[in-house]
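Structure first, then comments.
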Amino acid sequence: MKSYKTSLYALFLILSAVIGCTMTVSAKTMSSPNGHVLLNPVMKGSNLTAFSLCYKCKGGKIEQVLTLSGFGIESSDGGGRGLSLCATSPQRAISDSYTMLSGKRLQCNNKANEVTYTFTDSLGGRQQMVVRLYNDGIAFRYVLPELRNPVVLSERTSYNIKEGTKRWIQKWTEPYEEFFPQSTTGETQNRHWGYPALLQSEGDVWALITEAGIERQHSASSLYNDLSPDEYRVVPAHNAEKASGQWESPWRVVIMGSKENVVESTLVTDVSAPCRLKDTYWIVPGSVSWIYWAYNHGSKDYGIVKKYIDMAVTLSLPYVLIDAEWDYITGGGTVDGALRYAKERGVKVLLWYNSSTAWTKSGGAPGPHERLNTPENREKEFAWLEKSGVAGVKIDFFAGDKQETMKYCIDLLECAARHHLLVNFHGATIPRGWQRTYPNLMSVEAVYGAEWYNNLPVLTNRAAAHNTTLPFTRNVIGSMDYTPCTFSDSQHPHITTRAHELALPVLFESGLLHWADKPESYLAQPQEVQSFISTLPTVWDETRLLHGYPGESVVMARRRGNTWYVAGINGTDSLMSLPVNLPVNIKASTSIQLFADSKEQGGSWSIKTYKGDCPSIIECQPRGGFVMVIK
């Protein structure tokens, strides 16, 4: 019955397109299931020229958030120019539920209303724009029913962001490692921007622009406002994408609503393809001891590798990551010896690889090199890892957003899954929903993270404020391997407090949570802190934003089973009182453990355990923080 209805719907779209092209077609306002997210088509005569993206606030006031001022796909033969609306499908309901193995929420339910707009171009060709309105935003993509191979595509999607609108957008870099500075203008020297782009309207409606659903026939895109400061164009990294038959673009995604709607949204995975793996029983997220932050070349020193395996044992961490240069370990051992040492102690090993597509051997990059680039080499290497009991791989230094890189990443994920290997992408593009499609993808870097304390002094004075932007920006769209919570210094000092650092593993979601400090630094902390590290989950049943503003502060609550973890940080250089506005179902507790900064001169920790109501306000030191564990 379901396939019969689907066939009828497809037939209706075809007939509508044929009939609609002979008459004037209008487009009506479309709304989400709860009526808050609105899409208003802008008509100029009989032509559809733009879409206004609006939000109905409490009290009924409608706030325009931004305008979709351009849309459509163009091809090298002239197709896609002079688009004319010729059919609008009836609105249909989308209902979906799925289970994630990592992320901000394991059980995801989403509902949307969908409309398909069919256009003809000046050559008589057809293309469609499929639009879905969810309760927390809008997603749309283009469908070209008939493509010739090869075809050159360019995209006309453009977001008009008015001057004066507050925005937090990172300058585009190949590994997506930049700050998210607040601005109110597009008049800047930089005109190339990376996703996600966070906006705040005058009426305090928030929007976050990104994309999802990247397949082999796609390149990833980014934003350019090079032609006009207020026009942010979607530009794929390749304008030559080869395909034949029906072609579908990635989903263009705009999450909308309150700050809570944005931070808690799963829209990126909602529109992504369902899981393609045959089995997932072997996929187990968890905490990892990691060498590189404290010992830059530690993975080639057998003694240091053993030291971090021992740290994993002491802190009950299931994994150890042996990073770059393990292919020529010195100091009395080999990588095989390290694998045996870890196995004997019940610790699973993750191994680092160079993708050999960006920073390569010829440029002095660390190895191992060129073991994964061809299907034959990749299959051989991953088979050896599986036989050796290795649990996963960290693959680094990818060549940006190009179509060939996207295809390579998907090939890596699928081959790794065949050999039961977890995957962590570093030096790579941002997440775009692959964690649903390939749940062995545990995390992605694509962030200015704590690793930079080891590289340049860029984080020392900016980390506190930067850390308060990430829950509203980068971490919204997928797991983020920031490598949080270090108490000592790497090459460059950090001036965030210990409680600030302890809050980060709760605030920053990642399926693999890397503990990067020296073992003696963690083991010098109070036993309560060590127990917290040992028992902290890396997957969550529920995530809630309780308070905050990008660049200033953030308070979040995450639940695993019957236990809530509430964390907050101060991003300023002044004392700050953070409100802890707990929902009713969190307030009912049997015990509360509070980690905060000591107020005493030279003090480090204030740790309290008590019963009763949770405190409603926590006073945080400059660049400080807190964590509460509520059971």
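The values are calculated or read from the model by the stated rules, or taken from the named source; none is laboratory data. Quick caveat: nothing in here was measured; it's all calculated off a predicted structure. Glycine also receives a Cβ, built like all others from the backbone with ideal geometry; neighbour counts cover every protein chain displayed. Each accessible area value is taken on the protein alone, full model and side chains, heavy atoms only, with ligands, DNA and RNA left out. Shrake-Rupley method; radii C 1.70, N 1.55, O 1.52, S 1.80 Å.
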Computed from the beta carbon distance with a Förster radius of 45 Å, FRET efficiency for Ser488 and Lys162 to the nearest 0.05 stands at 0.45
Proximal charge balance of Ala416 [Cβ under 12 Å; K/R count +1, D/E count -1]
-2
Hey, can you grab everything whose amide H is under 5 Å from the amide H of Glu370? Only 5+ residues off in sequence or another chain; H modelled, so Pro and N-termini drop out.
Ser356
Across all Cα atoms of the chain, Rg and the largest Cα-Cα distance (Dmax), in Å, are 25.0, 80
I'd like the distance between the alpha-carbon centres of segment 482-544 and segment 388-404, rounded to an integer number of Å.
25
Once each part is reduced to its C-alpha centroid, what is the distance from segment 547-580 to segment 187-259 in angstrom?
29
To the nearest 10 degrees, how steep is helix 335-344 against the longest Cα principal axis of the chain, on a 0 to 90 scale?
80
Taking Lys and Arg as +1 and Asp and Glu as -1, residues besides Leu321 with C-beta under 12 Å from its C-beta add up to -1
Which whole-number percentage describes the relative contact order of the chain, with Cα contacts under 8 Å and a sequence gap of 6 or more?
11
Probe 1.4 Å, protein heavy atoms only - accessible area per residue of the chain in square angstrom:
38
What net charge do the residues around Thr497 carry, taking every other residue with its C-beta under 14 Å from that of Thr497, with Lys and Arg at +1 and Asp and Glu at -1?
-3
Distance (nanometres) between label positions extended 7 Å along Cα→Cβ at Glu414 and Ser606:
5.6
Starting from the Cα gyration tensor of segment 191-291, take the square roots of the eigenvalues, sort them a ≥ b ≥ c, and report rounded, prolate or oblate (rounded when a/c is under 1.5, otherwise prolate if a/b is larger than b/c, else oblate).
oblate
Given Lys58/Lys111; Lys171/Lys343; Lys348/Lys608, which pairs have Cα atoms separated by over 31 Å?
Lys171/Lys343; Lys348/Lys608
Which whole-number value in Å³ per residue fits the convex hull of the alpha carbons of segment 459-534?
89
Size of charge dipole - the chain - debye, nearest 20, with Cβ of Lys, Arg +1 and Asp, Glu -1, no other charges:
1520
Tell me the relative contact order for segment 448-598 as a rounded percent, counting alpha carbon contacts under 8 Å between residues six or more apart.
24
Residues of segment 280-315 with amide N under 15 Å of a point placed 7 Å along Cα→Cβ from Tyr328
297-302
State the extension gain, in nm to one decimal, for the chain segment bounded by Asp336 and Arg81, taking 0.36 nm per residue of separation less the distance between their alpha-carbons.
85.9 nm
Show the residues, 5+ positions off or on another chain, whose built amide H is closer than 5 Å to the amide H of Gly257.
Trp206
Got a sec to turn the phi values of segment 279-293 into Karplus ³J(HN,Hα) couplings, 6.51 cos²θ - 1.76 cosθ + 1.60 with θ = phi - 60°, whole Hz, x for Gly and Pro?
9, 9, 4, 8, 7, 10, x, x, 8, 9, 8, 9, 8, 4, 4
What is the gain in length, in nm to one decimal, between Gln530 and Ile617 on full extension, counting 0.36 nm per residue of separation less the C-alpha to C-alpha distance?
28.8 nm
For segment 323-445, what does the relative contact order come out to in percent, with C-alpha contacts under 8 Å and a separation of six or more?
22
Where labels lie 7 Å past Cα in the beta-carbon direction, separation of Asp573 and Val42 in nm
4.3
All-pairs Cα distance distribution in segment 491-577, expressed in whole percent, bin size 10 Å:
14, 46, 34, 6
Calculate how large, on average over all directions, the projected area of the Cα convex hull of segment 35-186 is; give the answer in nm² to one decimal.
12.9
When a/c is below 1.5 the answer is rounded, else prolate if a/b is larger than b/c, else oblate, so apply that to segment 546-608 with a ≥ b ≥ c taken from the square roots of the Cα gyration tensor eigenvalues.
oblate
Give the angle, between 0 and 90 degrees and rounded to the nearest 10, that separates the Cα long axis of helix 2-20 from the longest principal axis of the Cα atoms of the chain.
50
Assuming a ≥ b ≥ c are the square roots of the Cα gyration tensor eigenvalues, decide whether segment 205-264 counts as rounded (a/c under 1.5), prolate (otherwise, with a/b larger than b/c) or oblate.
oblate
Which ³J(HN,Hα) values in Hz, rounded to whole numbers, follow from the phi angles of segment 257-267 under the Karplus curve 6.51 cos²θ - 1.76 cosθ + 1.60, where θ = phi - 60° and Gly and Pro get x?
x, 6, 4, 4, 4, 5, 5, 8, 5, 10, 4
